[in-house]
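The structure is given below, and queries will be raised subsequently.
The values are calculated or read from the model by the stated rules, or taken from the named source; none is laboratory data. A quick note: this is a predicted structure, and the numbers were derived from the prediction, not measured. With ideal geometry, Cβ positions are generated from the backbone for all residues, glycine too; neighbour counts draw on all protein chains shown.
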């Protein structure tokens, strides 16, 4: 819209200058016609070469009664120049060119009209200059306001980052002092139970608990390090899991799990992470809500879709009440939606549970 208005204004000014030149040119003055034609044709130069356009329009004041073209170029000089002295000289030249009775006009000027001509000449020289400087000041002020708003926005971001850094530091301390301590105690007690178990099954369970506790401690230490880094760009982030880590995840889950099917080797990183996190969350829920149950992880793909289905049977041991924020499946739903996929879950007829992730083969949007 701005370009359209600008071009409309250009056309209107050019038309006004042509009309003024036609009305203010004496046909019998050949030099007048040439000067006016040069002045009108110089108008398009005023944006890139304002001084050149202004000089080319000055002869029009001496050889005709047309003034619009020279006023437009004077406004262009005032709008672009930072040199107040040069602008003053240009305004003075316009005032003199309008006021001084040139030889071809001297017989048209009488004594009483000289004062009026001087007043008009001063107005002709001053008005375009002041208007151009006003537009320039308005533009500079707009740029300055934009810089101030940008600086304020940057300041708000810095304040938000500072608050976030404090919260991360506090969370890191809590994780280090409370969560890590509790997991360490679990690992220690599991190690004691593993050394002197009452039966082989208990020894195997204790070994699984100890292995998971040690892995959890490593992840907690890494998370604490990331939180203490406060989101620094130089933070050394651990690589995100892919399908190559899926066998290790299943082996360390402590659940009798069968893997069926394969995934295409060219699956993108976001798809692989989504499948990995789905299997991880599903097996975690089996441990929490269906102790002793077996699970089946089925990887599948076709021409249009790919995904994973994790199905577990009913629990074979009493279920313990464990704390849960109920955010796991919600996060999986959100991850699937971001990848233009779907996630469904629910109980099975035999008392088990299933989680199914479907993603398009085109990957993330």
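Show me the strands (runs of 3 or more DSSP E) found entirely inside the stretch 257-355 where at least 3 residues are free of Cβ contacts under 8 Å to residues at least 60 places away in the same chain, outside the structural domain of residue 205 (by TED's automatic domain parsing) and more than 38 Å from the chain's Cα centre (by Cα).
Working: elements: 257-260, 295-301, 305-312, 342-347.
Passing ranges, in order: 257-260, 295-301.
To keep it simple, each residue is scored yes or no on (1) modelled with pLDDT under 70; (2) surrounded by 10 or more Cβ atoms within 10 Å (Cβ to Cβ); (3) within 36 Å of the chain's Cα centre (by Cα).
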site: 119; (1), (2), (3): no, yes, no
site: 135; (1), (2), (3): no, yes, yes
site: 180; (1), (2), (3): yes, yes, no
site: 183; (1), (2), (3): yes, yes, no
site: 211; (1), (2), (3): no, yes, no
